[in-house]
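The values are calculated or read from the model by the stated rules, or taken from the named source; none is laboratory data. Remember, it's a predicted structure, so these values are computed and weren't measured experimentally. In this analysis, Cβ positions are derived from the backbone assuming ideal geometry, glycine residues included, and neighbour counts consider all displayed protein chains. Each accessible area value is taken on the protein alone, full model and side chains, heavy atoms only, with ligands, DNA and RNA left out. Shrake-Rupley method; radii C 1.70, N 1.55, O 1.52, S 1.80 Å.
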Amino acid sequence: MPGRVARPLAGALAVVAVALLLRPDVPHMPGGVSGARLGSAPPVRPAKGPCVLRADRLVLHGARFRGVVSVRTGTGSVRALKFTVRSLDAVNLDLTAGRDRAAMRLRARPATTSTLKGSGAGGVATLYVRKLTGRVTGLGGGRLPADRTVSVTPDAVPRWLSHPATRTRTITLAGATASQITQFGGRLSIKGPELRTRARVPHGA
């Protein structure tokens, strides 16, 4: 599939999870977190499997950590990390939905940078993440943490991220993985996307 694809990140993952039908007023990514309009969004169907974003380098421009929030899903509420970003760059983007033989994978062309640009209120995108891992290589010119290899979860938020005086800044992670991620208010551009699926073989077939 040559060329460039530009669509909401939720829509891109909808391509990966072909069977998932999205309501335009309830953006959703398969993987367990959905319902950005906290307190007003209706529950969605339970996710069929985890959604994971991987990138050799992940750059969150104009990022601000908004705290740990409760997000509604089809199977109940879950706790998630909330971020807002002006834009996001992912080098060698790799998105996977589902697991094992049911997994579906969307990858960008090697050595390319996929970009998410905020288009919501204030020109930002909102991200909800259950777990974020990687090696911190940049904090907008600020001092890097002593332990640069991080695994951020709702129960383990480092002080450099959660400090109340922390300003909006650019956060750069190498070897980044964002597990069960949901995005609202942005458009993702992917160069040379490649879709792979592994259909589950029915029992006894």
I'd like to know which of Ala102, Thr84, Val150 lies farthest towards the positive end of the charge dipole of the stretch 73-156, counting +1 on Cβ of Lys and Arg and -1 on Cβ of Asp and Glu.
Ala102
Sort 153-164, 101-112 for me by packing, meaning the mean count of neighbouring Cβ atoms within 10 Å per residue, highest on top.
101-112, 153-164
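Taking a probe of 1.4 Å, how large is the accessible area per residue of the stretch 93-202, in Å²?
Solvent-accessible surface per residue comes out at 52 Å².
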Residue-by-residue Karplus 3J(HN,Hα) for the stretch 152-168, coefficients 6.51, -1.76, 1.60, Hz, glycine and proline x:
8, 9, x, 9, 9, 10, x, 4, 4, 8, 9, 4, x, 8, 5, 8, 4
Log10 I(q)/I(0) at q = 0.14, 0.24, 0.30 Å⁻¹ for the stretch 97-153, from Debye over equal alpha-carbon scatterers, is -0.73, -1.16, -1.07
Can you give me the long-range amide H partners of Ala103? Hydrogens built in the peptide plane at 1.01 Å from N, cutoff under 5 Å, separation of 5 or more residues or another chain.
Arg198
How would you order 66-73, 52-59 from highest to lowest mean count of nearby Cβ atoms within 10 Å?
52-59, 66-73
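Would you mind putting 128-135, 180-187 in packing order, based on average other-beta-carbon counts within 10 Å, highest first?
Working: 128-135: 20.9, 180-187: 24.2.
Result, highest mean Cβ count within 10 Å first: 180-187, 128-135.
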